[in-house]
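Each remark here refers to the structure printed beneath this line.
The values are calculated or read from the model by the stated rules, or taken from the named source; none is laboratory data. Just so it is clear, the model here is predicted, and its values are computed rather than measured. Every residue, glycine as well, gets a Cβ built from its backbone with ideal geometry; the counts of neighbours run over all protein chains shown.
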């Protein structure tokens, strides 16, 4: 089975107003399997949007290749299988959401009753059926983002490529979107998206790719990353040695100590030691900060 996305040695260059060239993406290689949910992370200017545009065929790399389900990126066969949401989705201001979906559906080859039914279903699914007949120029940024998401879902694409998908959405909208994307994932749709909302990435993604200055600097499974970032602590009283387990010890009261461990295995050994010569007062496991991990990774790559 062909990979949903394959980028190999991708390099993208732009000419600045001064005439000088800047490389937005440099020798970038990665792949996404069918059915995967992959978050594409990086600071502003890292090359995320340029990479997504290359996947759509909107920019031409000066080196390397991009393939979508084995087909050259930007080709008709590849585009037929992609639903795309750009970072800034601009729609004709004097069209309505319903007319917008109808237009984009016709461009995809959808027609008649099927298109009308799907357009109405998507507007309802995104919670904007009540503004289906209002002109786009009268809608809020959040409502227009929902129109864009609905547009990307037209035709039930096999791959969703989404650039800053939660932009403009309030907390309720982000939760509804998360539920929607999970349902598409469960149906087998491949999701590849960039986002600065790291909580959304953590809850949705199987894997993350981190890029900085156009280069891939880290690739991690979310499940193993969360295990690595998780911290365990035990608060106990008594004279108990934690040698070989942790150096992170804090005396919070006379004779009472809190010890923090990087692994669950170290915590279990500590519990045995305390049970032998002390008293356990509290045991806590805390999720690590994906934000701290992201900042540390970017700073380490600088």
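Regarding the stretch 170-183, can at least one residue be identified that is touching a strand residue (DSSP E or B) at 6+ places or on another chain (Cβ under 6 Å), modelled with pLDDT under 90, assigned to a helix (DSSP H, G or I) and farther than 15 Å from residue 82 by Cα? Within the stretch 170-183, not a single residue is touching a strand residue (DSSP E or B) at 6+ places or on another chain (Cβ under 6 Å), modelled with pLDDT under 90, assigned to a helix (DSSP H, G or I) and farther than 15 Å from residue 82 by Cα.
Looking at the stretch 8-24 only, could you name the residues that are more than 16 Å from residue 212 (Cβ to Cβ) and either modelled with pLDDT of 95 or more or in contact with a helix residue (DSSP H, G or I) (Cβ under 9 Å, 6 or more places away or on another chain) (or both)? If the condition is that a residue be more than 16 Å from residue 212 (Cβ to Cβ) and either modelled with pLDDT of 95 or more or in contact with a helix residue (DSSP H, G or I) (Cβ under 9 Å, 6 or more places away or on another chain) (or both), then 8, 9, 14 are the ones that fit. One residue stands out among those in the stretch 176-221 that are closer than 24 Å to residue 28 by Cα and without any contact (Cβ under 8 Å) to a residue 24 or more places away in the chain: the one that is surrounded by the most Cβ atoms within 10 Å (Cβ to Cβ), which is 220.
The residues of the stretch 121-134 that are farther than 23 Å from residue 182 by Cβ and in a helix (DSSP H, G or I), listed by number, are 130, 131.
When residue 236 is tested against (1) assigned to a strand (DSSP E or B); (2) buried (at least 18 other Cβ atoms within 10 Å of the Cβ); (3) free of Cβ contacts under 8 Å to residues at least 40 places away in the same chain, only condition (3) is not met. Filtering the stretch 74-111 to residues that are touching a strand residue (DSSP E or B) at 6+ places or on another chain (Cβ under 7 Å), free of Cβ contacts under 8 Å to residues at least 24 places away in the same chain and surrounded by 15 or more Cβ atoms within 10 Å (Cβ to Cβ) leaves only 78. Return yes or no: is residue 58 surrounded by fewer than 17 Cβ atoms within 10 Å (Cβ to Cβ), under 26 Å from residue 204 (Cβ atoms) and assigned by TED's automatic domain parsing to the domain that holds residue 217? Considered against the rule, which asks whether it is surrounded by fewer than 17 Cβ atoms within 10 Å (Cβ to Cβ), under 26 Å from residue 204 (Cβ atoms) and assigned by TED's automatic domain parsing to the domain that holds residue 217, residue 58 comes out as yes. Screening residue 118 against (1) assigned to a loop (DSSP other than H, G, I, E, B); (2) surrounded by 15 or more Cβ atoms within 10 Å (Cβ to Cβ); (3) under 29 Å from the mean Cα position of the chain (by Cα) leaves a single unmet condition, (1).
The residues of the stretch 256-301 that are touching a strand residue (DSSP E or B) at 6+ places or on another chain (Cβ under 7 Å) and exposed (fewer than 11 other Cβ atoms within 10 Å of the Cβ) amount to a single one, 282.
Scanning the stretch 239-252 for residues that are without any contact (Cβ under 8 Å) to a residue 24 or more places away in the chain and not in a strand (DSSP E or B) turns up 243, 244, 247, 248. Of all the listed residues (30, 69), the sole one being closer than 18 Å to residue 207 by Cα and either without any contact (Cβ under 8 Å) to a residue 12 or more places away in the chain or crowded, with 17+ Cβ neighbours inside 10 Å (or both) is 30.
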